[in-house]
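Everything below concerns the one structure shown next.
Derivation of every value follows stated rules applied to the coordinates shown; laboratory data play no part. Computed from a predicted model, the values in this text were never measured in an experiment. Cβ atoms come from the backbone with ideal geometry, glycine included; neighbour counts cover every protein chain shown.
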């Protein structure tokens with residue numbers, strides 16, 4: 001692979017993929033944290049509402065519905081799992097560039113370092129996509145067959 005093609009690959013594919021995985025990891029992380037914190041607060045409020053008696057039981061019902069919705073949202077959209085998968089893929093892609101530069105792992109015996117780099121990066125992206133598809137299929141199966 002010539003230098004110009006490699007630089008173009010880095011610019012148009014590699015760095016964009018790292019940016020995409022980084023942004024998605026951050027989004028899923030914050031979404032997970034916000035929903036989880038909200039569930040903790042709502043769960044802590046629930047006994048207080050029940051203790052206050054009949055005049056606030058409607059609020060207790062409302063809070064319990066919010067807890068159910070929040071918990072179901074976390075399970076259905078898998079924000080935690082996506083956060084971990086996207087962050088792992090992002091950091092693995094970043095690490096790959098340092099392996100390439102240091103000529104270690106698969107690069108120490110490679111005839112064409114740039115082609116080996118592109119091959120490894122594409123394999124990592126493909127692996128993450130396959131994992132995502134499997135997770136989506138498990139989610140669909142779980143929604144069709146609730147326990």
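Table for the structure above
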read-out: Viscosity 1.306 mPa s, 10 °C: Kirkwood-radius Stokes-Einstein D of the range 77-147 over Cα pairs, µm²/s; value: 114
read-out: Neighbour-count order for 43, 72, fewest beta carbons within 10 angstrom listed first; value: 72, 43
read-out: R0 of 35 Å, Cβ-Cβ distance residue 132-residue 66: FRET efficiency to nearest 0.05; value: 0.75
read-out: Gaussian network model of the chain, Cα within-10 Å springs - most flexible of 99, 80, 21; value: 99
read-out: Whether the range 1-54 is rounded, prolate or oblate, judged on the alpha carbon gyration tensor where a/c under 1.5 counts as rounded; value: prolate
read-out: Sorted by Cβ neighbour density within 10 Å, fewest at the top, the residues 8, 17; value: 8, 17
read-out: Ranked list, fewest to most other Cβ atoms within 10 Å of each Cβ, for 103, 144, 24; value: 144, 103, 24
read-out: Tail beyond 19 Å, pair distance distribution of the chain (Cα, percent); value: 66
